[in-house]
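Laboratory data are not the source of any read-out in this text; all were calculated from the coordinates shown. No experiment lies behind these values; they were computed from the predicted model shown. Positions of Cβ are generated from backbone atoms using ideal geometry, with glycine treated the same way; all protein chains shown enter the neighbour counts.
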Amino acid sequence: MATRKVLVSLDERVLARIDRAATRRGLSRSAYIARLANTESVGEHGPGLDSSVHKALRSLDRLFRRKPMPVDATAEIRHMRDER
């Protein structure tokens, strides 16, 4: 992916907060702003951002394709809950 330089106008206090946050994470200002913009622009939040979550979900998908559930899992869980 090509990188382009851009000019962005920010309030000095905002810039100071960005710099502190970037430093705490060991990132450059540009890398930190790029990470924030990427996270916001793709609209993904939470555990879905972690590649290990996607790997685990693929593993579960393979497992259930090989051995499908014989019953409706939701109904079974409700039944187990209601028996308590």
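Of note:
- Principal-axis tilt of helix 29-42 within the chain, Cα atoms, nearest 10 degrees: 40 degrees
- On Cα atoms only, tilt of 73-83 relative to the major axis of the chain in degrees: 70 degrees
- At 0.692 mPa s and 37 °C, Stokes D of the chain from Kirkwood alpha-carbon radius, µm² per second: 188 µm²/s
- For segment 11-43, applying the loop criterion from DSSP together with a ceiling of 11 other beta carbons within 10 Å to the trypsin sites (Lys or Arg not before Pro) yields R25.
- In degrees, nearest ten, helix 51-66 long axis to first principal axis of the chain (Cα): 20 degrees
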